[in-house]
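We did not get these values from a lab; they are worked out from the coordinates using the rules stated. Computed from a predicted structure; not experimentally measured. Methodologically, a virtual Cβ is constructed for each residue, glycine included, from the backbone with ideal geometry; neighbour enumeration extends over all protein chains shown.
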């Protein structure tokens, strides 16, 4: 056993796959310890908040400030208001108003603003421009005009009794606060999804649920395939014909189509993660059964098996002690592939709306389904779906890499 493990962990492919999979498992285990809470909790009112650190504006107003004079602060504020897209649209408006913009570099902020302030007319109606576009230019012009007019902002609150506005704070453009001093700060490395939920916390929980589904589905499929393959290959005759007849029926019917029909017939309310895993396992055992059967056929006439048969050993003992140990490595590899297939099958089902019910736990497939339904791929909200795709890819890649490494260890013909 020690020698076998030594050979396994000397396989670079197995070790690489094992480390990737172990890193994912460690993240799933430790992240909830530092960030506890319900992964389906809606912390945002809006949808698809961008990744970043969010600071409470309410609390930052009352936080002690420090005066810092940063040279390019004003330029950064202007750049925040005036994006590259805004610059292109400003040139487009000037062109529509037949203003000479030859030689104008729209990246030159001072030159662009000088031409804009000299020629922009809020009442102008360029030909072919819609009302919505004119409103956009008016809002942009107002934002540009407000820049640099005042060096302070006054924060007031309304007294409920008298109705008077009382000054709460005066904020200068050189006032800064430390993020650590603000009472409420939320770090969202992957932003929020369409429901306003923390994507990273949701992703960690979803990865755990999907791996659990894959493990259950893989265990069920491998167990059924192993039992049927053992009995079919060893018994032969009528037993083999009956088992292979059933196996061929399931092989002819596409397993994913069968999986869709069964999942649809169960109904959304009854489709928990465990039920989905069992359904996947019950529909994906056929290739394991056929493969195990072929392995057993090559072993059933070996000398040690014949000796056990002549010694009067029971069928179960012969299968467990004289045949199973010789195909154990193959069964382990089949299990790893079944786990990977189970994770991918759940993702496919959930994309079709036939995965686990959405009110209990997230899965990787459900996150993809939510991102697709709310058009995250169309509005540029990459953080709602790309990390999910990457996670599914890494899990499947690591499992298949481990399987390849094991195959090279236990199959000498594949070794380099």
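Things worth noting here:
- log₁₀ of I(q)/I(0) at q = 0.09, 0.11 Å⁻¹ - the chain, Debye sum with one point per alpha carbon: -0.80, -0.99
- Arranged from fewest to most other beta-carbon atoms within 10 Å of their beta carbon, 192, 251, 63 become 251, 63, 192.
- Each listed q (0.14, 0.24 Å⁻¹) maps to a log10 I(q)/I(0) for the stretch 1-84, found by the Debye formula over equal Cα scatterers with no solvent: -0.87, -1.25.
- Relative packing of peptides 317-324, 398-405 - highest average C-beta neighbours within 10 Å first: 398-405, 317-324
- Rg/Rg_ref, the stretch 107-258, where Rg_ref = 2.2 N^0.38 Å and atoms are Cα: 2.31
- Extension gain, residue 142 back to residue 117 (0.36 nm per residue minus Cα-Cα distance, nm): 7.9 nm
- Normalised per residue, the volume of the convex hull around the Cα set of the stretch 180-334 (Å³): 176 Å³
- Ellipticity at 222 nm from helices only: DSSP H runs of n ≥ 4 in the chain, each -39500 (n - 2.57), divided by the residue count, give -19000 deg cm²/dmol.
- The listed peptides 289-295, 156-162, ordered by packing as a protection proxy, come out as 289-295, 156-162 (highest mean of other Cβ atoms within 10 Å first).
- Computed across the stretch 133-189, the Kirkwood hydrodynamic radius from all distinct Cα-Cα pairs reaches 15.2 Å.
- For the stretch 1-150: Kirkwood Rh in Å [reciprocal of mean 1/r, alpha carbons]: 21.8 Å
- Calculated over the stretch 260-329: convex hull of Cα atoms, volume per residue (Å³): 116 Å³
- Pairs of Cα atoms nearer than 8 Å and 6+ residues apart set the relative contact order; for the chain it is 26 percent.
- Each peptide in 206-219, 380-393 was scored by the mean count of other Cβ atoms within 10 Å over its residues; highest first, the order is 206-219, 380-393.
- On full extension, the segment bounded by residue 58 and residue 2 gains 14.0 nm, given 0.36 nm per residue less the C-alpha separation.
- What the Cα atoms of the stretch 73-139 give is an Rg and a Dmax of 12.0, 38 Å.
- Counting only the Cα atoms, the stretch 262-416 fills a convex hull of 143 Å³ per residue.
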